[in-house]
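All remarks here apply to the structure that follows.
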Amino acid sequence: MTPTLTAQPIGHTTPAEWLWVVGTVAILVAVSGWLVATGAASRRPWPLSWLERASSSLTRVTGFPGWCAGGLLLHGWALLAAGLGFFWDVSWHIDLGRDNQLFTPAHVLILIGLVGLGAAGALSVAMATLDRAATGWSVGALRLPRGAVGLLVVGAGGVTGFPLDDLWHANYGVDVTMWGPTHLLMIGSAVLSPLAVWLLLGEAGRSTGNPRWRSAFWYGAAAGLLIAFSAMQLEFDDGVPQWQALYQPVLIGLGATLPMVAARAALGPWAAVRATVIFLAVRGLVALTVGPLLGHTAPHIPLYLGIALCVEAGYAVTRGRSALTSSLTAGALAGTVGLAGEWGFSHLWGREPWQPQLLHGIWAASVIAVAGAVLGAALAGAVAWRRPVIPGAAVLLAGACTLAMLVVPLPRDSAPVALTVHTTAVGAPVPTLDRFGNGALEQDVRIEVDATPAATLRDADFFWVKAWQGGGMVTAQLDEVAPGHWVARSVVPSGGTWKTILLFGKGSLVMAAPVAMPSDPEYGQAAIPLQAQRTQPFLPASKVLMRESHGGATWPAAVAYSALGLVTVMWLAVLVGGAVSLARPGGPGRPTAPRRRRLLGTVVPS
């Protein structure tokens, strides 16, 4: 029998939850204070003296210029804060539904993390200016490291999403999804920010720094890319997909291969594996924190190790060949053998095990893996001063292929299917409270479904009964036990605050149907009561998963989508411009050609 959970008030917080925010900020304050206290004396007025002292401490400890080390460390702290808040917030909404306050602990962590991304760029600029660093970009006396400008831009764009998000929800209701325009502004800034870190490292130089810190920073940057890119798969990792099942292998093909090839091309043999091990450790700690420690649905983790080994194998078998040949080989292996490993792992510990019918579209994941490999090698060529770099035509083609493959799984359709849902109570009902404090009953039920036409539902990517937002999430797979008759493998809860639904995906078909849902007086929605038998059609999944969302004025949507488009163009322009500037021989801040060749011959492994 499925255990029932007592409903929590909307937007509930506890003092213990706020300790995560306090602890995160305390770490930043403690490290900053130590850097200032141990720095060399400065004659500048406050606060410039503190910045100069901290910069000298960073240089003494790490061997890196203060503007590089300071930006890297502050970015790392900010990315972990925003990442923890994001993973926590998504699981919170899965388990409890919407909140009634803007500043929850998870939201505050996201906000301070996004502010921290921009602050990392500002800190880097300030320290570079104080040190009169020979950065590639400058405005008068102001020194502008390329990566610092990138961090400033992505941080500012991410923070913009926070007030727009409140405006969006006020006009259109709650949409429990990652894919709204305001959510994408915030998520996108964190996902792209590690690219700016690579630019910071590239401008500082591949041989800069004490060996241990050099290794820590570069491998941390590689793992940071993996961690950030993997965030786009979170709805699949949490078991609430709102897109085609094909999107998961496509996102993995890009999100794993690009960072791993960048790591291997920049750092040498076994770099892809080492970065993946760091990724698994960090994502594992986040899952343990969100799950057992905070008591929410724990996000599952893609394995990635098979893809990492394929990248290493691709470079091993093409040793001595061109950078383009190595990246294409690594991408081809990752997009075939590597994805096959992820396919197997999805059946061991995946929320959504990949089914044979995915083979019809898996070519998109394979193509994007190859394209991502080329882009990763191009990134490494730009920031690690590798020669020869990937030809520009190949980079443009890889970028175009990446965008095209991301569109392939985009359509979400529905089909006319008549459902008759049968429910049978299991055990006695349990008294509880709904989200508004009213008395309610929770009841475990066994579910059976008759469907016409049955053929539409066969060979599905997923067909589940899912109960969520009642204090947790429970999923039961539906199996066809007789022609047109499906039975759930286990009982699921209903009543109280639980939303119990059928969720179906097959190719571009992504549909859902309610079994039982609570009333929602704030949004004028009547309850959908549990019935022994109900006949109804399948609906587009978004209509059921985001029941609280509604129509509204058009201008907030116009503002949000315009902001997303403009900010994305700005992000890409600054990051790509910085990479091109670093890669250009004789460009601003670049060493002379003989010096660059010597660095490549003695420092960067082949």
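The values are calculated or read from the model by the stated rules, or taken from the named source; none is laboratory data. From a predicted model like this one, the values you see are computed outputs, not experimental measurements. Note: ideal-geometry Cβ built from the backbone for every residue, glycine included; neighbour counts use all protein chains shown.
Checking each residue in region 320-342 for being touching a helix residue (DSSP H, G or I) at 6+ places or on another chain (Cβ under 8 Å) and touching a residue at least 60 places away in the same chain (Cβ under 8 Å) picks out Ala323, Leu324, Ser326, Ser327, Ala330, Gly331, Ala334, Gly335, Gly338, Leu339, Glu342. Out of all the residues in region 509-526, which are more than 18 Å from Gly471 (Cα to Cα) and at pLDDT below 95? Those that are more than 18 Å from Gly471 (Cα to Cα) and at pLDDT below 95: Pro521, Glu522, Tyr523, Gly524, Gln525, Ala526. Selection of region 17-57 for residues being within 26 Å of Thr135 (Cβ to Cβ) and within 30 Å of the chain's Cα centre (by Cα) yields Leu28, Val31, Ser32. Put simply, of Arg212, Arg206 the only residue that is modelled with pLDDT of 95 or more and charged (D, E, K, R) is Arg212. Each residue in region 521-540 was checked for being under 18 Å from Pro493 (Cβ atoms) and in a strand (DSSP E or B), and 2 pass. How many residues are modelled with pLDDT under 95, within 36 Å of the chain's Cα centre (by Cα) and of a type in the set (S, T, N, Q) if we restrict to region 419-445? Summing the residues that are modelled with pLDDT under 95, within 36 Å of the chain's Cα centre (by Cα) and of a type in the set (S, T, N, Q) in region 419-445 gives 1. Of all the listed residues (Gly505, Gly437, Gly471, Gly427), the sole one being on the phi > 0 side of the Ramachandran plot, touching a residue at least 12 places away in the same chain (Cβ under 8 Å) and not in a loop (DSSP other than H, G, I, E, B) is Gly427. Which residue out of Phe538, Phe463 is in contact with a helix residue (DSSP H, G or I) (Cβ under 8 Å, 6 or more places away or on another chain) and within 28 Å of Pro299 (Cβ to Cβ)? Testing whether each residue is in contact with a helix residue (DSSP H, G or I) (Cβ under 8 Å, 6 or more places away or on another chain) and within 28 Å of Pro299 (Cβ to Cβ) leaves just Phe463.
When we screen Pro409, Pro416 for residues that are part of a loop (DSSP other than H, G, I, E, B), under 30 Å from Ala526 (Cβ atoms), modelled with pLDDT of 95 or more and of a type outside the set (Ser, Thr, Tyr), the only hit is Pro416.
Picking from residues in region 272-318 that are assigned to a helix (DSSP H, G or I) and of a type in the set (S, T, N, Q), the one that is surrounded by the fewest Cβ atoms within 10 Å (Cβ to Cβ) is Thr289. Checked against the criterion of being without any contact (Cβ under 8 Å) to a residue 60 or more places away in the chain, exposed (fewer than 13 other Cβ atoms within 10 Å of the Cβ) and more than 30 Å from Leu375 (Cβ to Cβ), region 519-528 has at least one qualifying residue.
Each row is one residue, and each column tells you yes or no for (1) without any contact (Cβ under 8 Å) to a residue 12 or more places away in the chain; (2) under 28 Å from Arg53 (Cβ atoms); (3) assigned to a helix (DSSP H, G or I); (4) over 25 Å from the mean Cα position of the chain (by Cα).
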position	(1), (2), (3), (4)
Phe103	yes, no, no, no
Leu111	no, no, yes, no
Val115	no, yes, yes, no
Ala119	no, yes, yes, no
Leu152	no, yes, yes, no
Ala156	no, yes, yes, no
Gly161	no, no, yes, no
His169	yes, no, yes, no
Val176	no, no, no, no
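With respect to the conditions (1) under 30 Å from Gly239 (Cα atoms); (2) surrounded by 22 or more Cβ atoms within 10 Å (Cβ to Cβ); (3) out of contact with any Gly (no Cβ under 7 Å at 6 or more places or on another chain), Leu79 lacks only one, and its number is (3). Please enumerate the residues belonging to region 130-143 that are outside any loop (DSSP other than H, G, I, E, B) and surrounded by fewer than 21 Cβ atoms within 10 Å (Cβ to Cβ). Answer for region 130-143, where residues must be outside any loop (DSSP other than H, G, I, E, B) and surrounded by fewer than 21 Cβ atoms within 10 Å (Cβ to Cβ): Leu130, Trp137, Ser138, Val139, Leu142. In region 472-515, the residue that is surrounded by the fewest Cβ atoms within 10 Å (Cβ to Cβ) out of those that are more than 27 Å from Pro409 (Cα to Cα) and among the β-branched types (Val, Ile, Thr) is Val481. Find the residue count for region 196-224, including only residues that are part of a helix (DSSP H, G or I) and either within 22 Å of Pro353 (Cα to Cα) or in contact (Cβ under 8 Å) with a residue 40 or more places away in the chain (or both). Number satisfying all stated conditions: 19. What tally of residues in region 378-394 results from selecting those that are at pLDDT below 90 and not charged (D, E, K, R)? The total comes to 4.
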